[in-house]
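Structure record follows, encoded as structure tokens.
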2 protein chains.
Amino acid sequence: MPSVEIVAVGTEMLLGQLVDTNTPFIAGKLAEIGVDVFATHAVGDNRQRIADMIRSALDRADGVITTGGLGPTVDDLTKEAVCDALGVDAEVHEPSLRAMEEVFVKSGRQMRENNRKQALIPRGSVPLANREGTAPGFIATTTREKFVASMPGVPREMKPMLAEGVVPWLQRRFPLTEHIRTRSLHTIGLAESEIDHRIADLFASLENPKIAVLAHQFRCDVKIMAKAASADAAIALIAPVEHELLRRLDGHVYGVDDETLPFAIHVLLQQTQRTIAVAESCTGGSIAAALTSVPGSSKSFTGGVVSYSNEVKMQQLGVKREDLDRSGAVSEEVAEQMAAGIRKNLGTDVGLSITGIAGPSGGTHEKPIGLVWLAIAEESGVRTRRLQLAGNREGIQARATTAALGFLWETVGSAEPIRNPKS
Amino acid sequence: MPSVEIVAVGTEMLLGQLVDTNTPFIAGKLAEIGVDVFATHAVGDNRQRIADMIRSALDRADGVITTGGLGPTVDDLTKEAVCDALGVDAEVHEPSLRAMEEVFVKSGRQMRENNRKQALIPRGSVPLANREGTAPGFIATTTREKFVASMPGVPREMKPMLAEGVVPWLQRRFPLTEHIRTRSLHTIGLAESEIDHRIADLFASLENPKIAVLAHQFRCDVKIMAKAASADAAIALIAPVEHELLRRLDGHVYGVDDETLPFAIHVLLQQTQRTIAVAESCTGGSIAAALTSVPGSSKSFTGGVVSYSNEVKMQQLGVKREDLDRSGAVSEEVAEQMAAGIRKNLGTDVGLSITGIAGPSGGTHEKPIGLVWLAIAEESGVRTRRLQLAGNREGIQARATTAALGFLWETVGSAEPIRNPKS
């Protein structure tokens, strides 16, 4: 399997002023064509350091892909550094120079020396056309049969150059001997350590496909990666492992690959032609926002109320004042009344409610920060769940949102209807 | 100036499945305390490769900061790799182990062997408390007077550990000869090019302090960076430049440094003891969620309605059916009625509404995807604004939320009350 390292060039990344989205984009495309990325790097606009990074990467991998530093300014130094690393000089790429001159004639701007510099590429390298800008990219090969492919840092210029220039070149040079396919199982309601406990033996025993666990806020992904001589063979390798994982994680896998938790909820609702409305206190609209992030959500999501004040809880949701006074806004009784109230007022099949203490203030000994009550009302009754969440306000709000969606997914997906615990 | 390299650990980054935001965050904090980041790297969950990367980074820089790979699963290998790179073994950190046991007792979950593994740190290293999770970080020093600081990959856990553990340690170890201070001015309602135009001469002329413009979704930050022999001297250098920038960007700077747009809005509302309620359609609760992200927001935020269906717009907000029929849900009339309706129903001083077409479907020639109507109702009248936003559903919802908050900030901050355009 051919191996590559990616080098992103630009001082602003080292100052934390720019989040590098080029590297993950390039890495994703390389994974699709069976090129293994050993490591990725970011270096500043420093000719020496760029050259050193390219040299050491070439010691480890079959090739290096750089992005950034091909512009016209004095601190665009990638081309010079590649020449240093490979011990070659630069030559003018005439077609690029003429194309560049045309652009300037058209725009009526005057072409400067530093623009001319953009038409230079390492001697003997393959130029890569730049559909969206002036600076061409290039692929230079080394005496050791290794290569350096350089592209601009502007995503709009880099992406077509990668797709139309670098990827086809790599596919010609490294005809795919193995195909990679992946499958992500998205779980909710299991801690990472619990998942690890359930599948530790597979971790240890499996080589191909490999599995990995990724923890997120309050949910985890289990990823299956298979390599084979054909895509179909890779998919065939994944199937039995997926089947076994689904068995061990039964009742906790809400979707695969691109399927989100809100998407899974809408599928369940729309399959049974049910509608939902939500009443939120501590999450302040985050649950509604998550549910409406899904295209077509209007088929099953009717609306919601953010009942931050007690007055809104009473007026808009019909929560009883005496229960607010006796049990407090963060209580099972109030959660139940909020869920039943939003369901009734908006005339939906399902009503979801949440009330809790996100902090930083408002916590007491009996009701500490992070205490959350969830309730789901259906025609058959109301089901509630108590949570005690850790973290700061932001973390509690995020985890409460995911936990509420998880509770909702379980409930709307379960075969037996809610039986009101009180009745 | 002390130098550091950052190593982010996680195979998902090399597959392009995760955009690494930890590295720029860490780099930004290091820049503020005068630590020079030579390079940053991402490696997979491979003990050998992580160890090699740490070794080669230690050859170039004074220290290495790692993030990720401290979790409980078998593919969390950073700790083992650091031990390999430094040639030490691991020891149990008792306080972390006890704290971990408490967490599991509290949450009622069972603690597993692989959780215990998280309490291990390289022998002789300084443990770093994890406020938001179970795995402690650590700072190990080498025989060559260099160091490796390791933190978790979960941003929620990494950020406080960086601020409270790593940064103070670095400041003690590398007392600043040169103090760097920065000031970020957050602007709304000006395009990056417009800001460029207004301050181009300062860009060109200023060396210390330096200024930089960072564009975000629908808003821009202008950053001032000063270096001096003392913090006070650096701050003194910033003051006059900040004054000049505030003059040139007058009416568009809503906050500085950590101040968010929702925070600025609550300050304005609470200064004048006003309350607000929001009625959202296309943003589905995102505006309410943003406003409730601020601690103490309950003083000025009363609640909201997510009126996804026309029925909810009529029932909960008193929108007239004939206007929905005549002008459609995405229209100035409906936006006005939504804002006035939420203000009246929730009894607040201010009512904000938004209705638009987030896509991917629902667009027409007259009303394309991305069309958004905003309205703000006060006692004195209603003000509206029309937007045509670009991007996919997610992007449109995000930009619409920021634009609505910007419109709200302008309006609640403006001296003269709204005059109803219709009256």
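The values are calculated or read from the model by the stated rules, or taken from the named source; none is laboratory data. Computed from a predicted model, the values in this text were never measured in an experiment. Positions of Cβ are backbone-derived with ideal geometry, glycine not excepted, and every protein chain shown enters the neighbour counts. For the accessible areas, the whole protein counts, side chains as well, though only heavy atoms, and no ligand, DNA or RNA atoms are used. Shrake-Rupley method; radii C 1.70, N 1.55, O 1.52, S 1.80 Å.
Some observations on this one:
- Summed residue charge, Cβ within 14 Å of B:V167's Cβ, Lys/Arg positive, Asp/Glu negative: +2
- In region A:282-339, Cα pairs under 8 Å separated by at least six residues give a relative contact order of 25 percent.
- Kirkwood hydrodynamic radius of region B:261-412, Cα pairs, Å: 15.0
- Debye log10 I(q)/I(0) at q = 0.18, 0.24, 0.25, 0.26 Å⁻¹ for region B:321-406, Cα point scatterers: -0.75, -1.14, -1.18, -1.23
- Within the accessible area of region A:114-217 (1.4 Å probe), percent carbon and sulfur: 52
- Semi-axes of the equivalent ellipsoid for region B:1-91, Cα gyration tensor, largest first, Å: 21, 17, 11
- In degrees, nearest ten, helix B:192-205 long axis to first principal axis of chain B (Cα): 50
- Phi-derived couplings, Karplus 6.51 cos²θ - 1.76 cosθ + 1.60 at θ = phi - 60°, listed residue by residue for region B:302-316: 8, x, x, 10, 9, 9, 7, 8, 4, 4, 5, 4, 6, 5, 8 Hz, with x used for Gly and Pro.
- Here region A:322-423 exposes an accessible surface that is 49 percent carbon and sulfur, computed with a 1.4 Å probe and the other protein chains kept in place.
- Rounded to whole numbers, the Karplus 3J(HN,Hα) couplings from phi for region A:296-301 are x, 5, 5, 5, 10, 9 Hz, using 6.51 cos²θ - 1.76 cosθ + 1.60 with θ = phi - 60°, and x at Gly and Pro.
- Dipole of the protein assembly as shown, positive direction: furthest Cα of A:Q171, A:G391, A:S361, with charges on the beta-carbon: A:S361
- Residue among A:M53, A:M151, A:M111 with the largest mean-square fluctuation in a Gaussian network model of chain A, springs linking Cα atoms under 10 Å: A:M111
- Estimated buried accessible area (total), pair A and B, 1.4 Å, Å² to nearest 100: 5100
- Total lysine pairs whose alpha carbons fall under 20 Å of each other in region B:3-173 (8 or more apart, or interchain): 6
- Rounded to the nearest 20 debye, dipole of the protein assembly as shown from Cβ charges on Lys, Arg, Asp, Glu: 920
- In the protein assembly as shown, a dipole from Cβ-located charges (positive for Lys and Arg, negative for Asp and Glu) runs towards its positive end, and of B:P122, A:S125, B:S298 it is B:S298 whose Cα lies farthest in that direction.
- With contacts taken as Cα pairs under 8 Å and at least 6 residues apart, chain B reaches a relative contact order of 10 percent.
- For chain B, built as a Gaussian network whose Cα springs stay under 10 Å, the top-fluctuating residue of B:G63, B:G318, B:G362: B:G362
- Divided by 2.2 N^0.38 Å, where N counts the residues, the Cα radius of gyration of the protein assembly as shown comes to 0.99.
- Rounded to the nearest 20 debye, dipole of chain A from Cβ charges on Lys, Arg, Asp, Glu: 480
- Filtered trypsin sites (Lys or Arg not before Pro), region B:309-368: DSSP coil and at most 16 other beta carbons within 10 Å: B:K320
- Straight-distance candidates among the lysines for linking to A:K313, with alpha-carbon spacing under 24 Å and chain neighbours fewer than 8 residues away dropped: A:K344, A:K367, A:K422, B:K299, B:K313, B:K344.
- Rel. contact order, % - alpha carbon contacts under 8 angstrom, at least six apart, region B:3-173: 22
- Built amide H within the under 5 Å cut-off of B:A42, gap 5+: A:T40, A:H41, B:A8
- The phi torsions of region B:146-157, fed into the Karplus equation with coefficients 6.51, -1.76 and 1.60 and a -60° offset, translate into couplings of 9, 9, 10, 9, 10, 10, x, x, 5, x, 4, 8 Hz, rounded to whole numbers, with Gly and Pro shown as x.
- Rolling a 1.4 angstrom probe over the protein heavy atoms with all chains in place gives region B:3-173 an accessible area of 39 Å² per residue.
- Positive-pole candidate from A:F203, A:A233, A:Y254, dipole of region A:179-256, charges at beta carbon: A:A233
- Of the GluC sites (Glu not before Pro) found in region B:358-423, those in coil by DSSP whose Cβ has at most 14 other Cβ atoms within 10 Å are B:E366, B:E379.
- Neighbouring partner chain Cβ atoms per residue of A:56-65, average, 10 Å criterion: 1
- Heavy-atom SASA rank of B:H197, B:H41, A:H216 (probe 1.4 Å, accessible area, largest first): B:H197, A:H216, B:H41
- Sequence of A:R383, A:R247 when ordered by accessible area, the most exposed leading, probe 1.4 angstrom: A:R247, A:R383
- List of region B:106-145 residues, accessible area with partners at least 10 Å² below that of the chain alone (1.4 Å probe): B:R109, B:R112, B:N114, B:N115, B:E132
- Local electrostatic count, B:A140, Cβ distance below 11 Å [Lys/Arg +1, Asp/Glu -1]: +3
- Nearest-10 value in Å² for the accessible area of B:E244, using the 1.4 Å probe: 40
- Folded to 0 to 90 degrees: helix A:94-107 orientation relative to chain A principal axis, Cα: 60
- Against the main long axis of the alpha-carbon atoms of chain A, helix A:393-413 sits at an angle near 70°.
- Cleavage-rule hits (trypsin sites (Lys or Arg not before Pro)) in region A:82-157: DSSP loop, at most 15 neighbouring Cβ within 10 angstrom: A:R109, A:R112, A:R123, A:R131, A:R144
- Only DSSP H runs of four or more residues enter the estimate; each adds -39500 (n - 2.57), and after division by the residues of chain A the mean residue ellipticity at 222 nm equals -12000 deg cm²/dmol.
- Cα-centre dipole for region A:3-173 with unit charges at Cβ (Lys and Arg positive, Asp and Glu negative), debye to 20: 280
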